[in-house]
Amino acid sequence: MSMNTRGRPTGAGTPSTLAANGAALLPDEPLLFEIGDTEHSGVDLPDAEISTARLGGFERTAPLDLAGLTEPEAMRHYVRLSRLNHSIDAGFYPLGSCTMKHNPRLNEKMARLPGFADLHPLQPKSTVQGALAVMEELSHWLLTLTNTSAVALTPKAGAHGELLGMMTIKAAQEARGEAHRKIVLVPESAHGTNPATAAFLGYSVKAIPAREDGTVDVAAVREALSPDVAAIMLTNPNTCGLFEPDVVAIAEAVHNAGAFFYCDGANFNAIMGVVRPGDLGIDAMHINLHKTFSTPHGGGGPGAGPVVLSEALAPFAPVPFVRRNADGSLDLVEHAEAQSLERITAFQGQMGMYVRALTYMLSHGGDGLAQAAKDAVLNANYIKARLADVVTVSFPDHHAMHEVLFDDRFFESTGVSTLDFAKALIDEGFHPMTMYFPLVVHGAMLVEPTESESKQTLDAFCDVMRDLANDARDGNTERFSGAPYTAPRRRLDETRAARQPILTWEPDDARAQAAE
Ligand SMILES: *Cc1c(COP(=O)(O)O)cnc(C)c1O
């Protein structure tokens, strides 16, 4: 095997120009402290007369040792660092279950309007009527799309929404004198946050096995139900990218046993405008605004996980919530009344996210949201159809919803693993898919294209996937074992990084001596 200039094995398919150009212009970036020195500074201030009298003996005795850089040096450092990140604005990002879709610039423009961006959470309500109107209208859209009775906007992520939703279930059961219900049923294909939420609230978690076809076994649910079961936490569409065909029967069984149906609705983008979860019998469901209704997330920005509630749980919705006064003005109810739960966030939640999500909704309209869901499903099924003859589709007999699940059977005994395969995608300019999740199949590869990708992009991705799959089969293992060859960082020791993270920078000896 020969190596090209960047140490990538040649004859292993053509790296896309994106990856090739990117790597050449993205050298390693030293730390701010390693670029700067203590001699210069971006600002020019006169020496100050400092009085230590009021510092109570806590004044610094050693210099701060901040990196000294000029303004352009500091700016270039951060811009170069930002270019080491892959983002949805830089390329395709098919991370299953994460819904990395295009973030329309219009959303950003609206969120930056000074009337929203410069609000203070403690401003008098008479001065924030527009912001309250956004919250009211967003609530209206969420309730209409889900056919439910109440919504709590404030949770700041999907997992946070799960916590709140399960807290309302707990409160409802305590109010009925049924605090003895201590078991939560969680199917094997659930997102990891589901059992974590249940356990965090003191429930014991009972796993429900998946059927051969990746869906939840209604008979197994019926068998697991008892007077001690508080709820089931079911993801629909589930994390295998499948719509649960027995969801209505499961809801009925759960309700007949006096338990509640918590639905993990993080994947609402697959069904919004097409199916109303309230019609399926759900009692509580979080909706990840940052997935379904766009907006940068992950490393790119904050999340928001509003929870919709059925009639039975609506009285337990937490404060704060928006209420319209008799005179038509809007009020933010901030103190718990009757059975409502206390607040679970400071202030009113992620205002910027509310604006972005509502902008997305209004710019699509109801029919446009349904179209987006259908296009997301179509795109996932297109990838499935284009790859099915070379990459193992885990559940070929079901239509995929918004994402399609592959597993590692197609490169069995080639020596290539799911991890190797994902890393090789990086060399081709694509962010890897979600790996090793869900756990119901071996070596999972979960691909979610979302509705915002063109056929050209999907084809480019499928071409690379086919090429990689054929290379793995042909025994060209070098293309995989050392990948990524073109990324600024190669394979990391992720276990060590997680177990022994180094979170502080220590100046090297020479620098320490120079500072003395
Ligand atoms: C993303 C996701 C979550 C968690 O949402 P966060 O906002 O990351 O807390 C929960 N369940 C499913 C199915 C998800 O895809």
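Condition test on ILE169, is it more than 16 Å from the ligand (Cβ to nearest atom) and either modelled with pLDDT under 95 or in the same structural domain as PRO320 (by TED's automatic domain parsing) (or both)?
Working: more than 16 Å from the ligand (Cβ to nearest atom): yes; either modelled with pLDDT under 95 or in the same structural domain as PRO320 (by TED's automatic domain parsing) (or both): yes.
In short, yes.
Can you find even one residue in the stretch 389-399 that is on the phi > 0 side of the Ramachandran plot, among the small types (Gly, Ala, Ser) and touching a residue at least 24 places away in the same chain (Cβ under 8 Å)? Show your work before the answer.
Looking only at the stretch 389-399, we keep the residues that are on the phi > 0 side of the Ramachandran plot, and these are none.
No; the residues of the stretch 389-399 include none that is on the phi > 0 side of the Ramachandran plot, among the small types (Gly, Ala, Ser) and touching a residue at least 24 places away in the same chain (Cβ under 8 Å).
Mind listing whichever residues of the stretch 75-99 are assigned to a loop (DSSP other than H, G, I, E, B) and away from the ligand (no atom under 16 Å from the Cβ)? Working first, answer last.
So in the stretch 75-99, the residues assigned to a loop (DSSP other than H, G, I, E, B) come out as 85-94, 96-99.
Once the filter is applied, which keeps residues that are assigned to a loop (DSSP other than H, G, I, E, B) and away from the ligand (no atom under 16 Å from the Cβ), the stretch 75-99 yields ASN85, HIS86, SER87, ASP89, ALA90, GLY91, PHE92.
In this structure, does LEU425 turn out to be within 24 Å of GLY192 (Cα to Cα), of a type outside the set (D, E, K, R) and either crowded, with 24+ Cβ neighbours inside 10 Å or in contact with a Pro (Cβ under 7 Å, 6 or more places away or on another chain) (or both)? Working first, answer last.
On the way: within 24 Å of GLY192 (Cα to Cα): no; of a type outside the set (D, E, K, R): yes; either crowded, with 24+ Cβ neighbours inside 10 Å or in contact with a Pro (Cβ under 7 Å, 6 or more places away or on another chain) (or both): yes.
No, not satisfied.
Look through the stretch 430-456, keep the residues that are polar (S, T, N, Q) and in contact (Cβ under 8 Å) with a residue 12 or more places away in the chain, and return whichever of them is surrounded by the most Cβ atoms within 10 Å (Cβ to Cβ). It would help to see each step written out before you state the result.
Step one: of the stretch 430-456, the residues polar (S, T, N, Q) are 434, 450, 452, 454, 456.
This time we only want the ones that are in contact (Cβ under 8 Å) with a residue 12 or more places away in the chain, so: 434, 450, 452.
Working: THR434: 20, THR450: 25, SER452: 19.
Restricting to residues being polar (S, T, N, Q) and in contact (Cβ under 8 Å) with a residue 12 or more places away in the chain, the top hit is THR450.
Select, from GLU252, GLU223, GLU244, the only residue that is without any contact (Cβ under 8 Å) to a residue 40 or more places away in the chain, of a type outside the set (Gly, Ala, Ser) and within 16 Å of the ligand (Cβ to nearest atom). Step through it out loud before you land on a result.
On the way: GLU252 fails: within 16 Å of the ligand (Cβ to nearest atom); GLU223 fails: within 16 Å of the ligand (Cβ to nearest atom).
So the residue among GLU252, GLU223, GLU244 that is without any contact (Cβ under 8 Å) to a residue 40 or more places away in the chain, of a type outside the set (Gly, Ala, Ser) and within 16 Å of the ligand (Cβ to nearest atom) is GLU244.
Restricting attention to the stretch 295-304, does a residue exist that is part of a helix (DSSP H, G or I) and touching a Ser or Thr at 6+ places or on another chain (Cβ under 7 Å)? Let's see the steps before the verdict.
Of the stretch 295-304, the ones part of a helix (DSSP H, G or I) are 298-300.
Add one more test, that the residue is touching a Ser or Thr at 6+ places or on another chain (Cβ under 7 Å), and what stays is 300.
Yes: the stretch 295-304 contains one or more residues that are part of a helix (DSSP H, G or I) and touching a Ser or Thr at 6+ places or on another chain (Cβ under 7 Å).
Under the condition of being touching a residue at least 60 places away in the same chain (Cβ under 8 Å) and within 26 Å of ILE88 (Cα to Cα), which residue from the stretch 400-416 is farthest from the chain's Cα centre (by Cα)? Break it down stepwise before answering.
Here is the first cut: in the stretch 400-416, the residues touching a residue at least 60 places away in the same chain (Cβ under 8 Å) are 400-405, 410-411, 414-416.
When the remaining residues are screened for being within 26 Å of ILE88 (Cα to Cα), the result is 400-405.
Details: ALA400: 20, MET401: 18, HIS402: 15, GLU403: 14, VAL404: 17, LEU405: 18 Å.
Filtering the stretch 400-416 for residues that are touching a residue at least 60 places away in the same chain (Cβ under 8 Å) and within 26 Å of ILE88 (Cα to Cα), the one farthest from the chain's Cα centre (by Cα) comes out as ALA400.
Could you check, for the stretch 346-359, whether at least one of its residues is free of Cβ contacts under 8 Å to residues at least 24 places away in the same chain, more than 16 Å from the ligand (Cβ to nearest atom) and of a type in the set (A, V, I, L, M, F, W, C)? Show your work before the answer.
The initial filter retains those residues of the stretch 346-359 that are free of Cβ contacts under 8 Å to residues at least 24 places away in the same chain, namely none.
Within the stretch 346-359, none of the residues are free of Cβ contacts under 8 Å to residues at least 24 places away in the same chain, more than 16 Å from the ligand (Cβ to nearest atom) and of a type in the set (A, V, I, L, M, F, W, C).
Kindly evaluate GLU49 against the criterion of being over 25 Å from LYS423 (Cα atoms) and either modelled with pLDDT of 85 or more or assigned by TED's automatic domain parsing to the domain that holds GLN456 (or both).
Values: over 25 Å from LYS423 (Cα atoms): yes; either modelled with pLDDT of 85 or more or assigned by TED's automatic domain parsing to the domain that holds GLN456 (or both): no.
Spelling it out, it is not the case that GLU49 is over 25 Å from LYS423 (Cα atoms) and either modelled with pLDDT of 85 or more or assigned by TED's automatic domain parsing to the domain that holds GLN456 (or both).
Looking only at the stretch 54-91, count every residue that is farther than 20 Å from ARG490 by Cα and out of contact with any strand residue (DSSP E or B) (no Cβ under 9 Å at 6 or more places or on another chain) and tell me the total. First the steps, then the outcome.
Filtering the stretch 54-91 down to residues farther than 20 Å from ARG490 by Cα leaves 54-79, 88-89.
So of that shortlist, the ones also out of contact with any strand residue (DSSP E or B) (no Cβ under 9 Å at 6 or more places or on another chain) come out as 54-66, 70-79, 88-89.
Matching residues across the stretch 54-91 total 25.
Residue pairs, Cβ under 6 Å, 6 or more apart or interchain, first in the stretch 46-74 and in a loop (DSSP other than H, G, I, E, B), second hydrophobic (A, V, I, L, M, F, W, C) and surrounded by 11 or more Cβ atoms within 10 Å (Cβ to Cβ). List them.
ALA67/LEU32; ALA67/PHE33
Of these, VAL440, VAL447, which one is modelled with pLDDT under 95 and not hydroxyl-bearing (Ser, Thr, Tyr)?
Details: VAL447 fails: modelled with pLDDT under 95.
Being modelled with pLDDT under 95 and not hydroxyl-bearing (Ser, Thr, Tyr) holds for just one of VAL440, VAL447, which is VAL440.
So which of ASP389, ASP375, ASP367, ASP407 is surrounded by fewer than 22 Cβ atoms within 10 Å (Cβ to Cβ) and in contact with a His (Cβ under 8 Å, 6 or more places away or on another chain)? Walk me through it before giving the result.
On the way: ASP389 fails: in contact with a His (Cβ under 8 Å, 6 or more places away or on another chain); ASP375 fails: in contact with a His (Cβ under 8 Å, 6 or more places away or on another chain); ASP367 fails: in contact with a His (Cβ under 8 Å, 6 or more places away or on another chain).
Criteria check complete, one pass: ASP407.
Checking MET353 against (1) part of a loop (DSSP other than H, G, I, E, B); (2) in contact with a Pro (Cβ under 9 Å, 6 or more places away or on another chain); (3) not small (Gly, Ala, Ser), which single condition isn't satisfied?
(1)
Quick one: in the stretch 349-375, of everything that is within 14 Å of HIS102 (Cβ to Cβ) and of a type in the set (S, T, N, Q), which residue is farthest from the chain's Cα centre (by Cα)?
By that ranking, first place goes to SER363.
What is the residue count in the stretch 374-428 for residues that are part of a helix (DSSP H, G or I) and closer than 16 Å to ALA444 by Cβ? First the steps, then the outcome.
We begin by selecting, within the stretch 374-428, every residue part of a helix (DSSP H, G or I); these are 374-387, 408-411, 418-427.
Of the ones still in play, those that are also closer than 16 Å to ALA444 by Cβ are 380, 383-384, 387, 408-411, 418-423, 425.
Here the count works out to 15.
Could you check the stretch 107-139 and list, in sequence order, the residues that are touching a residue at least 24 places away in the same chain (Cβ under 8 Å) and of a type in the set (Gly, Ala, Ser)?
ALA111, ALA117, SER126, ALA131, ALA133, SER139 - these are the residues of the stretch 107-139 that are touching a residue at least 24 places away in the same chain (Cβ under 8 Å) and of a type in the set (Gly, Ala, Ser).
Within the stretch 236-258, is there a residue that is assigned to a strand (DSSP E or B) and under 30 Å from ASN85 (Cβ atoms)?
Taking the stretch 236-258 first, the residues assigned to a strand (DSSP E or B) are none.
Scanning the stretch 236-258 turns up no residue that is assigned to a strand (DSSP E or B) and under 30 Å from ASN85 (Cβ atoms).
Being surrounded by 11 or more Cβ atoms within 10 Å (Cβ to Cβ) and modelled with pLDDT of 85 or more narrows it down to one residue among ALA74, ALA67; which is it?
ALA74
Taking the residues in the stretch 209-220 that are out of contact with any His (no Cβ under 9 Å at 6 or more places or on another chain) and within 16 Å of the ligand (Cβ to nearest atom) as candidates, determine which candidate is farthest from ASP283 (Cα to Cα).
Residues of the stretch 209-220 that are out of contact with any His (no Cβ under 9 Å at 6 or more places or on another chain), as a first pass: 209-212, 216-220.
With within 16 Å of the ligand (Cβ to nearest atom) added as a condition, the list becomes 210, 216.
Details: ALA210: 22, VAL216: 18 Å.
Checked the stretch 209-220; the qualifying residue farthest from ASP283 (Cα to Cα) is ALA210.
For the stretch 194-209, check the following and say yes or no: at least one residue is crowded, with 18+ Cβ neighbours inside 10 Å, touching a residue at least 40 places away in the same chain (Cβ under 8 Å) and either part of a loop (DSSP other than H, G, I, E, B) or over 25 Å from the mean Cα position of the chain (by Cα) (or both).
no
The values are calculated or read from the model by the stated rules, or taken from the named source; none is laboratory data. The structure displayed is predicted, hence computed values, not measured ones. Note that we place each Cβ from the backbone using ideal geometry, even for glycine, and neighbour counts take in every protein chain shown.
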